[in-house]
Amino acid sequence: MDELREGDVGIELYRQSLGDDPRLVVPARLVRGSRKMSTKDKKSSEEDMKREEEKQPSEDGKNSPSLEEQLAAKDEEIRSYIDRLQRMQAEFENYKKRMLRETGQLEERIVDREVLDFIPLYDNLQRAFANYSDETDAASFVAGVEKIFAQFDQILRAKGVAPISSEGQVFDPTKHEALLSVESSEEKNTILEEFERGYARNGRVLRPCKVKVSKGVQDTEDRREES
């Protein structure tokens, strides 16, 4: 192996590329025929490399957008979001209008079905009164009206409508409406009389009963306080 000589050009360049690690050995074949590099040559070479680096712009500077370009990109992004929001708002307004229109149409169809169920009863009543005269048997007329009433009751029950019991029951403000309260031998809050029948549908009150309620038996002191 050829002996390495300190100060040879090959050694200096190779050491610059490898660093100062003393464990790295420079092969002798790289430095054969090399010449010594003077201090002036070293300095000139370093300055040339520095000038070359300064001439070449960095990739970051070449590719990074300017502030104006960044602001323009942000403005475009904001306009895109605004356009999307406006389209979504318009679509939602159209959806609400369509749902209101469809809901109204559905309600109309429901009412139509309900009315159709009662039209036969109306027809029967019309025929009964049209055929009634002074010569008509009252009993047969009443029997016909009772049949119509039975049909009416059947339709209501088929729709889940049932009368609310009241007379003799304890007053319940969720089902009953007290129009009159009187002194009575019955216990307090007992319903004495029903003025107008109430109805419920599937357990939900449609119309409360209008009733008269007992105040119970009042003693002399209670009467004196009321007077």
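Find out how many positive minus negative residues lie around Ile155, taking Lys and Arg as positive, Asp and Glu as negative, among other residues whose Cβ is under 12 Å from that of Ile155.
Charge balance near Ile155 sits at 0.
What's the ranking of 117-130, 179-192, 83-96 by average number of surrounding C-beta atoms within 10 Å, highest first?
Put in order of decreasing packing, that is 179-192, 117-130, 83-96.
Only bridges with both residues in region 96-215 count here: give the DSSP antiparallel percent, nearest 5.
65 percent
Can you order the peptides 158-169, 204-215 by their average number of other Cβ atoms within 10 Å per residue, highest first?
Highest to lowest by the protection proxy: 204-215, 158-169.
Bear in mind that the values in this text are calculations on the coordinates, not laboratory data. The model shown is predicted, which means the values in this text are computed figures rather than measured ones. Please note: Cβ atoms are built from the backbone with ideal geometry, for glycine as well, and neighbour counts cover all protein chains shown.
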